[in-house]
Amino acid sequence: MQTRSIGTVAFSHGKESGPWGSKITAMAAAVHDLKIEVESVDYRGIDDPAGRVAKLLDTAIGLKGPLVLVGSSMGGHVSAAAAARAQARGLFLLAPAFYMPGFEAYTPQDVSCPTVIVHGWRDDIVPVDNSIRWAREHRARLHVLDSDHRLEDKIEEICGLLRSFLTGLKGINAAAESMR
């Protein structure tokens with residue numbers, strides 16, 4: 001028996017990782033349990049954030065909605081930058097590369113969908129203060145964990161936060177209710 005999907009989560013990996021690293025693989029498993037499809041965009045070889053945004057937008061055209069964007073580090077920046085144009089229903093960001101020195105003006109500001117940020121207190125690549133600032137300015141939900149930039153030691157907790165976020169989203173939740 002084929003199950004119907006109630007939307008798609010599109011993952012965007014960071015600058016130094018790939019589309020199916022341990023965090024994305026674990027989060028994809030948590031998302032599949034909710035009958036939500038997953039897509040993980042491969043940005044390897046694309047160093048320019050604008051090029052990554054364009055690739056995410058091209059990918060989003062073919063995805064089943066409602067769409068939720070999930071991104072880590074530069075992938076968080078890319079997801080937030082694409083959110084409005086991709087008509088995302090939500091954003092779930094891990095240590096997003098916001099307000100980086102020399103690139104502050106490129107931090108996405110036109111985000112109006114529900115957003116959750118997860119960041120590590122001991123992040124030595126993207127300062128946690130950057131996420132605190134963005135969360136305050138955009139009234140995003142913020143979870144600061146005792147971890148570093150990669151958040152590898154908090155994967156189980158992150159999966160729980162993602163599941164909670166997805167089940168609380170109106171567009172996703174309404175689609176799930178209509179399938180019952």
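Dipole magnitude for the chain: computed about the Cα centre from +1 point charges on Lys and Arg Cβ and -1 point charges on Asp and Glu Cβ, it is near 700 debye. Take every pair of alpha-carbon atoms less than 8 Å apart whose residues are at least six positions apart; their mean separation over the length of the stretch 47-180 yields a relative contact order of 18 percent. Against the main long axis of the alpha-carbon atoms of the chain, helix 49-61 sits at an angle near 10°. For the pair D124 and A26, label points projected 7 Å from Cα toward Cβ lie 2.1 nm apart. Over the chain, dividing the summed -39,500 (n - 2.57) contributions of all DSSP H runs of at least 4 residues by the number of residues returns a 222 nm mean residue ellipticity of -12500 deg cm²/dmol.
How much length is gained on full extension from L57 to S164, taking 0.36 nm per residue of separation minus their Cα-Cα distance?
Working: separation 107, 0.36 × 107 = 38.52 nm, distance 2.55 nm.
Value of the extension gain: 36.0 nm.
Projecting the Cα atoms of G75, V9, G21 onto the charge dipole of the chain, computed from C-beta unit charges around the Cα centre, puts V9 farthest toward the positive end.
Here the Gaussian network model covers the chain, with springs between Cα atoms less than 10 Å apart; of H77, H149, H13, H149 fluctuates the most.
Using a probe radius of 1.4 angstrom, the carbon and sulfur fraction of the accessible surface of the stretch 61-158 is 50%. Between the amide H of I46 and any residue lying 5 or more places away or on another chain, no distance stays under 5 Å, with hydrogens modeled in the peptide plane.
Working from Cα pairs under 8 Å separated by at least six residues, relative contact order for the stretch 1-74 is 50 percent. Computed over protein heavy atoms with a 1.4 Å probe, the accessible surface of the stretch 84-138 works out to 52 Å² per residue. The spread of Cα positions in the stretch 67-180, taken along each principal axis and listed from longest to shortest, comes to 47, 31, 20 Å.
Please give the length that would be gained between E16 and F103 if that part of the chain were fully extended, namely 0.36 nm times their separation in residues minus their C-alpha to C-alpha distance (nm, one decimal).
On the way: separation 87, 0.36 × 87 = 31.32 nm, distance 1.82 nm.
Stretched out fully, the E16 to F103 stretch lengthens by 29.5 nm.
Helix 22-32 and the long axis of the chain differ in direction by around 30°, with both axes built from C-alpha atoms.
The values are calculated or read from the model by the stated rules, or taken from the named source; none is laboratory data. Predicted model, so just to flag it, every value in this text is computed and none were measured. Counting neighbours? That spans all protein chains shown, and the Cβs are built from the backbone with ideal geometry, glycine included. Heavy atoms of the whole protein, side chains included, go into the accessibility calculation; ligands, DNA and RNA do not. Shrake-Rupley method; radii C 1.70, N 1.55, O 1.52, S 1.80 Å.
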